[in-house]
Amino acid sequence: MTDTVPLDALNDLVPFAKYMGIRITRAEPDLVCGEMDVTENKCTFPGILHGGAIMSFADNLGALGTVINLPEGGQTTTIESKTNFLRGIPAGTTARAESRPVHKGRRTMVWRTDIFTADGKLAATVTQTQMVL
């Protein structure tokens, strides 16, 4: 998929990801990377990126990783997601993420997405299972 689809097109693929301001910076079968600006409207008190925004960020990257690996005509949906929150990501910075496969099977794929602060510290790790439809 990424051999023929430019990153700009991937960034427009999912309307919710575009709404969240998620930018895909790398998309390969075993690695999907992205970034998202931490704006006030994505924060909880006191100006820290909301956990739901972190989970949405990770879900989009893991799902894209699955899409890149789907057989022709295949589709996917998230069936499980677990998040460990390790530190806050403050407003006015950019969160970065790397998503890698843990398992790529015929019926399910499991992706681990690590979310980092602007200075490279691990802020959250998300493990999700995608069903292959």
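The values are calculated or read from the model by the stated rules, or taken from the named source; none is laboratory data. Keep in mind that this is a model prediction, so the values were computed, not measured. Positions of Cβ are backbone-derived with ideal geometry, glycine not excepted, and every protein chain shown enters the neighbour counts. Please note that ligands, DNA and RNA were not included when accessible areas were found on the heavy atoms of the full protein model with its side chains. Shrake-Rupley method; radii C 1.70, N 1.55, O 1.52, S 1.80 Å.
If I filter region 104-113 for residues that are touching a Lys or Arg at 6+ places or on another chain (Cβ under 9 Å), of a type outside the set (S, T, N, Q) and loosely packed, with under 15 Cβ neighbours inside 10 Å, do I get at least one hit? No, there is no match, as no residue in region 104-113 is touching a Lys or Arg at 6+ places or on another chain (Cβ under 9 Å), of a type outside the set (S, T, N, Q) and loosely packed, with under 15 Cβ neighbours inside 10 Å.
In region 14-35 there is no residue that is at positive phi, more than 13 Å from the chain's Cα centre (by Cα) and surrounded by fewer than 22 Cβ atoms within 10 Å (Cβ to Cβ). Only one of the numbered conditions (1) under 17 Å from Gly62 (Cα atoms); (2) open to solvent by 90 Å² or more (accessible area, probe 1.4 Å) is violated by Asp119, and that is (1). Exactly one residue out of Asn41, Asn69 is farther than 16 Å from Thr125 by Cβ, free of Cβ contacts under 8 Å to residues at least 60 places away in the same chain and either surrounded by fewer than 12 Cβ atoms within 10 Å (Cβ to Cβ) or hydrophobic (A, V, I, L, M, F, W, C) (or both), and it is Asn41. For Ala53, the conditions (1) open to solvent by less than 30 Å² (accessible area, probe 1.4 Å); (2) in contact (Cβ under 8 Å) with a residue 40 or more places away in the chain are fulfilled apart from (2). Here region 90-100 is the region considered, the condition is being open to solvent by less than 40 Å² (accessible area, probe 1.4 Å) and in contact (Cβ under 8 Å) with a residue 60 or more places away in the chain, and the residue that is nearest to Pro46 (Cα to Cα) is Ala95. Summed over region 2-24, residues that are in contact (Cβ under 8 Å) with a residue 24 or more places away in the chain and in contact with a Leu (Cβ under 9 Å, 6 or more places away or on another chain) total 7.
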